Amino acid sequence: MSDAIAVLLFIGVIAYALFGGADFGAGFWDLTAGGAARGNRSRHLIDVSIGPVWEANHTWLIYCLVMLWSGFPIAFVAITTTLYIPLGIAVLGIVLRGAGFAFRKASMRTPEQRIYGATFALSSVLTPYCFGSVAGAIASGRVPTAGYGDPVGSWNNPTSVLGGVLAVSVCAYLAAVYLTAAARQYGSPRLEAWFRRRALLAGIVTGVVCLAGIFLLQADSPRLFHQLSHRGLPLLVISALSGLLSLFLLRRENPLALRMLAALAVATVVCGWGVAQYPYLLGTHLSIAEAAAPTPTLWVLASVAGAAGVLIAPSLIALYILQNRGRLESRG
């Protein structure tokens, strides 16, 4: 039962990486779009694309927190008492990001729009970096079972830095691919070419980061490196092939296939981390079974997750489908 709850938790992690990651990546391209006049069209497409869904995407984060807190309380305490600095920065970034995005659209003066836009964009880079550094700290075993680990060194180390940089680059790649497809649907060849070039660049950078990460993990986290290069290798190969194929399809007239391949590339690399981590929840010192709550609590969690899947998932699916088809008007 503990394994089943861990799978349900990881489904939420993958969903947040895909949907929340695309939102964060859009903020990265907002940051690098240029001045008010030069970046106006690309920023408008970003607003139209994420406006109706950016708040809904945080549903997955709430889901993950509830599943971790209720299903694995020992791990939750250990993570929050050790990694409270990056988690706090990430929460602050989410709040500032939302405020900046909403107020930028409501502001009438350019100076105010620049301030709110910079807040939105910088938070969109800082937040995924912190989440990636948290994942690196957990995977490399720097979160002790009893909690209260090194509040600085736990997330400032080679594996955590790799996780943070990889999270930012993956989000940028995912968003650029999605926005390329969105520009194509909205009939804007100029914007399509603009985001296509950035998708290619983000894909190349992500590939370079992954290659460099091989040597870094071998030196800093040998157990994680071994598991990724053996048990998780098939998933990483699928991720690489999907990413390459998505870059090839950037010039093809198939937005759905483009989005699906980009999502598959990200989902499989996250799954590779989960497979490499199994059967441990923290490093190699706290297993999933040891961290799990009592069995009755796990059954309740499974029931709630099933009910949520029946009641909430169809609404979210309908929201994403309508947005991808351009049927929703962004209202911030």
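Rule-based calculations on the coordinates, nothing more; no lab input. Being a predicted model, the structure only gives us computed values, none of them experimental. As a convention, Cβ positions derive from the backbone with ideal geometry for all residues, glycine included, and neighbour counts pool all protein chains shown.
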**Request:** Could you list, in sequence order, all residues of segment 193-229 that are over 23 Å from the mean Cα position of the chain (by Cα) and of a type in the set (D, E, K, R)?
**Result:** 220, 223
**Fill in**
Flagged in segment 120-144 as more than 30 Å from residue 291 (Cα to Cα) and either outside any helix (DSSP H, G or I) or not small (Gly, Ala, Ser) (or both), in numbering order, are 120, 122, 125
**Asked** Hey, does segment 162-177 have a residue that's closer than 16 Å to residue 224 by Cα, in a loop (DSSP other than H, G, I, E, B) and among the hydrophobic types (A, V, I, L, M, F, W, C)?
**Response** no
**Request:** Determine whether residue 242 is in a helix (DSSP H, G or I), hydroxyl-bearing (Ser, Thr, Tyr) and surrounded by fewer than 21 Cβ atoms within 10 Å (Cβ to Cβ).
**Result:** yes
**Message:** residue 190 - would you say it is touching a helix residue (DSSP H, G or I) at 6+ places or on another chain (Cβ under 6 Å), assigned to a helix (DSSP H, G or I) and among the basic types (Lys, Arg)?
**Reply:** no
**Prompt:** Can you pull out the residues in segment 256-302 that are more than 21 Å from the chain's Cα centre (by Cα), in a helix (DSSP H, G or I) and surrounded by 15 or more Cβ atoms within 10 Å (Cβ to Cβ)?
**Reply:** 288, 290, 291, 297, 298, 301, 302
**Request:** Check every one of the helices (runs of 4 or more DSSP H) wholly within segment 1-105 and list those with 2 or more residues that are touching a helix residue (DSSP H, G or I) at 6+ places or on another chain (Cβ under 9 Å) and over 21 Å from residue 323 (Cα atoms).
**Result:** 2-15, 59-71, 73-82
**Message:** Looking at the structure I just gave you, is residue 319 assigned to a helix (DSSP H, G or I), aliphatic (A, V, I, L, M) and under 30 Å from residue 141 (Cα atoms)?
**Reply:** no
**Prompt:** Can we say residue 211 is in contact (Cβ under 8 Å) with a residue 12 or more places away in the chain and either farther than 24 Å from residue 30 by Cα or surrounded by 14 or more Cβ atoms within 10 Å (Cβ to Cβ) (or both)?
**Reply:** no
**Asked** Restricting segment 103-121 to residues that are in contact with a Gly (Cβ under 8 Å, 6 or more places away or on another chain) and touching a residue at least 24 places away in the same chain (Cβ under 8 Å), which is surrounded by the most Cβ atoms within 10 Å (Cβ to Cβ)?
**Response** 120
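Listed here are the residues, each with its yes/no results for (1) under 23 Å from residue 113 (Cα atoms); (2) surrounded by 22 or more Cβ atoms within 10 Å (Cβ to Cβ); (3) in contact (Cβ under 8 Å) with a residue 12 or more places away in the chain; (4) β-branched (Val, Ile, Thr).
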| site | (1), (2), (3), (4) |
| --- | --- |
| 41 | yes, no, yes, no |
| 53 | yes, no, yes, yes |
| 64 | no, no, yes, no |
| 78 | no, yes, yes, no |
**Prompt:** If you check residue 315 against the conditions, is it without any contact (Cβ under 8 Å) to a residue 12 or more places away in the chain, farther than 28 Å from residue 146 by Cα and more than 24 Å from the chain's Cα centre (by Cα)?
**Reply:** no
**Asked** Filter segment 124-143 for residues that are in contact with a strand residue (DSSP E or B) (Cβ under 8 Å, 6 or more places away or on another chain) and farther than 30 Å from residue 30 by Cβ; which is surrounded by the fewest Cβ atoms within 10 Å (Cβ to Cβ)?
**Response** 141
**Message:** Only one of 147, 153, 117 is assigned to a helix (DSSP H, G or I) and of a type outside the set (Ser, Thr, Tyr). Can you tell me which?
**Reply:** 117
